[in-house]
Amino acid sequence: MASVLELAGVSVRRSTKLLLDQVDWTVEEGQRWVVMGPNGAGKTTLLQIAAGALHPTVGSVQILGELLGAVDLAELRQSIGWASGSLAGSLPPRESVRDAVLTGAWGVTGRWREAYEQRDLARTERLLGDWGLAALAGRTFGTLSEGERKRVLIARSLMVDPELLLLDEPAAGLDLGGREALLGALGRLARDPLAPTTIMVTHHVEEIPEGFTHALLLRDGRVTGCGPMREVMTDALVGETFGVDVGLSQSGGRWLARGRVPTSDAGSDVRG
Ligand SMILES: Nc1ncnc2c1ncn2[C@@H]1O[C@H](COP(=O)(O)OP(=O)(O)OP(=O)(O)O)[C@@H](O)[C@H]1O
Ligand SMILES: [Mg+2]
């Protein structure tokens with residue numbers, strides 16, 4: 001199996017702060033990874049590295065077999081789909097949903113004079129259908145609900161037919177129905193052998209879609225767990241990562257966590 005991503009000794013420093021600290025990580029083709037950790041742990045920074053959008057301060061990064069620093073980034077990014085909340089802010093609110101997905105083919109926001117091929121148009125319609133957006137295709141992006149926007153961003157990220165798909169907190173801010181619909185769609189994607197290698201960031205074990213195979217846990221820029229889901233998703237490792245005593249369980253292919261904060265707040269149950 002070919003490595004899709006290979007990080008060796010990767011650190012990212014900003015002034016005196018280490019955002020990532022000596023991260024080693026290998027992602028193989030076909031794997032579906034979840035990256036978990038508390039606020040500020042370095043998850044988004046790690047995705048930026050994986051997308052080739054950020055160079056490490058030290059360490060080496062190989063993406064799709066290409067060494068970062070010795071590769072045409074524009075070409076590499078054509079093979080990477082990336083959906084994040086910050087991108088939602090850069091999509092023009094008056095862009096139609098159809099165009100918000102279509103313009104992902106060029107990695108631009110706001111349709112201008114790009115020449116789209118028939119296959120781009122056909123792919124847009126297929127993705128709109130796959131992600132439950134067909135009825136919304138004529139609406140403007142700015143009028144969508146949070147859950148609908150998340151689906152648009154994922155459909156858009158798949159326009160380039162990526163080999164690597166990066167999703168930064170795709171389920172954040174969704175209500176129960178919206179979350180379950182999204183996780184169902186991500187679960188179907190995870191089980192599709194033709195779907196790209198996928199890395200998804202989340203804070204919540206309940207948001208890990210069925211079919212995800214591996215987990216990387218981060219705390220203060222350091223890896224606290226990395227490997228197959230069953231080896232990493234233990235009470236000890238997840239508890240250490242989030243700084244809570246946690247009890248994990250599984251039901252129907254999904255994970256549940258129940259935690260108790262070991263501080264002066266002790267006694268108050270938290271759901272993680
Ligand atoms: N330019 C910068 N200078 C200093 N610190 C920075 C800079 N950019 C990011 N940070 C800090 O790096 C840490 C990691 O940020 P990152 O966005 O990767 O965290 P995260 O795990 O994605 O957090 P969240 O769960 O809140 O999205 C944060 O504490 C953030 O404040
Ligand atoms: Mg983040």
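The values are calculated or read from the model by the stated rules, or taken from the named source; none is laboratory data. Values in this document were obtained by computation on a predicted structure and should not be read as measured data. Cβ coordinates were reconstructed from backbone atoms using ideal geometry, including for glycine residues, and neighbour counts include every protein chain displayed.
Against the definition (polar (S, T, N, Q), under 19 Å from residue 33 (Cα atoms) and away from ligand 1 (no atom under 16 Å from the Cβ)), how does residue 140 come out, yes or no? The answer is no for residue 140. Quick one: would you say residue 173 is assigned to a loop (DSSP other than H, G, I, E, B), within 16 Å of ligand 2 (Cβ to nearest atom) and not aliphatic (A, V, I, L, M)? Here the answer is yes, as residue 173 does meet what is asked.
Taken over segment 31-72, the criterion of being loosely packed, with under 15 Cβ neighbours inside 10 Å and on the phi > 0 side of the Ramachandran plot is satisfied by 40, 65, 69. Each residue in segment 142-159 was checked for being crowded, with 21+ Cβ neighbours inside 10 Å and either at pLDDT 95 or above or under 23 Å from residue 52 (Cα atoms) (or both), and 8 pass. Please list, ordered by first then second residue, the pairs with beta carbon atoms under 7 Å, 6 or more apart or interchain, first in segment 92-110 and within 12 Å of residue 134 (Cα to Cα), second aromatic (Phe, Trp, Tyr). Matching pairs, first to second residue: 97/141. Taking segment 1-33 as the range and being assigned to a loop (DSSP other than H, G, I, E, B) and at pLDDT 95 or above as the test, the residues that pass are 29, 30, 31. Among the residues making up segment 34-66, a single one is more than 9 Å from ligand 1 (Cβ to nearest atom), within 21 Å of residue 239 (Cα to Cα) and either touching a Leu at 6+ places or on another chain (Cβ under 6 Å) or outside any strand (DSSP E or B) (or both): 36. Among the residues of segment 91-105, are any under 24 Å from residue 186 (Cα atoms), out of contact with any Cys (no Cβ under 6 Å at 6 or more places or on another chain) and exposed (fewer than 15 other Cβ atoms within 10 Å of the Cβ)? There is no residue in segment 91-105 that is under 24 Å from residue 186 (Cα atoms), out of contact with any Cys (no Cβ under 6 Å at 6 or more places or on another chain) and exposed (fewer than 15 other Cβ atoms within 10 Å of the Cβ).
Taking the numbered list (1) touching a residue at least 24 places away in the same chain (Cβ under 8 Å); (2) surrounded by fewer than 19 Cβ atoms within 10 Å (Cβ to Cβ); (3) more than 23 Å from residue 21 (Cα to Cα) in turn, residue 220 passes all entries but (3).
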